[in-house]
């Protein structure tokens, strides 16, 4: 079992998930480090089965690079620049958060709050399918 530097036990996953069920109070604040976005998206994407989808997307959130990669039935999101992306999706943290929490319709996000540079024809449709799977996980918890 892992322990932190102070010697106390970390909270269990069950304890943390109970806390996640309470409604948030106040405004959402952008984290100081957007690695948390990659971690959250990775946790969600690992719960979906992307099937035959094969796409590499560079996600740029508030200027910070992340990579979403789906191949051979597996997918992952990592913090850092994407290698040989099929497309580049740029957005801001607030819009991505609103989309992920169901506060912004997908169509509004796609038409107003993000910019997509398509490098490989057809890969935008695959990314959209994968993002819908991820949002399904995020919306259901």
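Measure off 7 Å from each Cα along the Cα-to-Cβ vector at residue 81 and residue 39, then give the distance between these two points in nanometres to one decimal.
Computed distance between label sites residue 81 and residue 39 equals 2.5 nm.
Which distance in nm do the two modelled labels at residue 54 and residue 118 give, with both placed 7 Å along the Cα-to-Cβ direction?
Label at residue 54, label at residue 118, 1.9 nm between them.
In whole Å, how far is the Cα centre of region 46-62 from that of region 88-141?
First find each Cα centre; the distance between them is then 11 Å.
Please list, short to long, the whole-number percent of alpha-carbon pairs of region 33-140 in consecutive 5 angstrom bins beginning at zero.
2, 13, 25, 28, 23, 8, 0
Laboratory data are not the source of any read-out in this text; all were calculated from the coordinates shown. Not measured: the values here are computed from a predicted model. Cβ sites come from the backbone with ideal geometry, for glycine too, and all protein chains shown count toward neighbours.
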